[in-house]
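The values are calculated or read from the model by the stated rules, or taken from the named source; none is laboratory data. Predicted model, so just to flag it, every value in this text is computed and none were measured. Cβ coordinates were reconstructed from backbone atoms using ideal geometry, including for glycine residues, and neighbour counts include every protein chain displayed. Heads up: the accessible areas ignore ligands, DNA and RNA and are worked out on the full protein's heavy atoms, side chains in. Shrake-Rupley method; radii C 1.70, N 1.55, O 1.52, S 1.80 Å.
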Amino acid sequence: MAIDQARAAIDKGQTPFGAVIVRGEGEAAELVVAAHNVVWETTDITAHGEVHAIRLACRKLKTIDLRGCTIYSSTEPCPMCFAAVHWAGIGRIVFGAAIADAKEAGFNELSISNQEMKARGGSPVEVVGGVMSAEAVAVFREFVARGAKVY
């Protein structure tokens, strides 16, 4: 779903980053929100897919405490998004493409991994990377092939 959101972002003239927040696990898991980057739409440089999803989830659940949730992201969250996940209390990040993949596609990424941020900051967030990475990286290729602008 996060990869589908990244594709939807491209279709809407945004950059290819999608995120989904799910509450609970297993059969009890429920979709809270699915979102994508809306930086261009909102002229808000902080409106990355993960931050946008967190904002929507907090509004929907009427809380800033997203403990018990997992965020699925098409790409490894940037430091800003990782911090937002941490502050919201989200317990797990699952992502496809790595920060290096986004950088290779032309995005102005900071080269610090979620694992490094977790370790250096002492965050309890579980980080699971590389899930459906080939599919996630393919979205970057689609974005570049369309001649879309990065910045």
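For this structure, a couple of remarks:
- Pairs, first open to solvent by less than 30 Å² (accessible area, probe 1.4 Å) in region 11-35, second in a loop (DSSP other than H, G, I, E, B) and β-branched (V, I, T), C-beta under 8 Å, six or more apart: Q14/V38; T15/V150; I21/I90
- Lone unmet requirement of (1) buried (at least 19 other Cβ atoms within 10 Å of the Cβ); (2) over 11 Å from the mean Cα position of the chain (by Cα) for F82: (2)
- Residue in region 130-147 that is open to solvent by less than 30 Å² (accessible area, probe 1.4 Å), in contact (Cβ under 8 Å) with a residue 40 or more places away in the chain and outside any helix (DSSP H, G or I) present: no
- Qualifying residue in region 47-58 (condition: of a type in the set (D, E) and open to solvent by less than 70 Å² (accessible area, probe 1.4 Å)): yes
- Inside region 59-79, residues that are aliphatic (A, V, I, L, M) and open to solvent by less than 10 Å² (accessible area, probe 1.4 Å) make up a count of 2.
- Boolean, V125 is open to solvent by less than 20 Å² (accessible area, probe 1.4 Å), in contact with a strand residue (DSSP E or B) (Cβ under 7 Å, 6 or more places away or on another chain) and more than 17 Å from Q5 (Cβ to Cβ): yes
- Of all residues in region 103-114, one or more are modelled with pLDDT under 95, of a type outside the set (G, A, S) and within 14 Å of the chain's Cα centre (by Cα).
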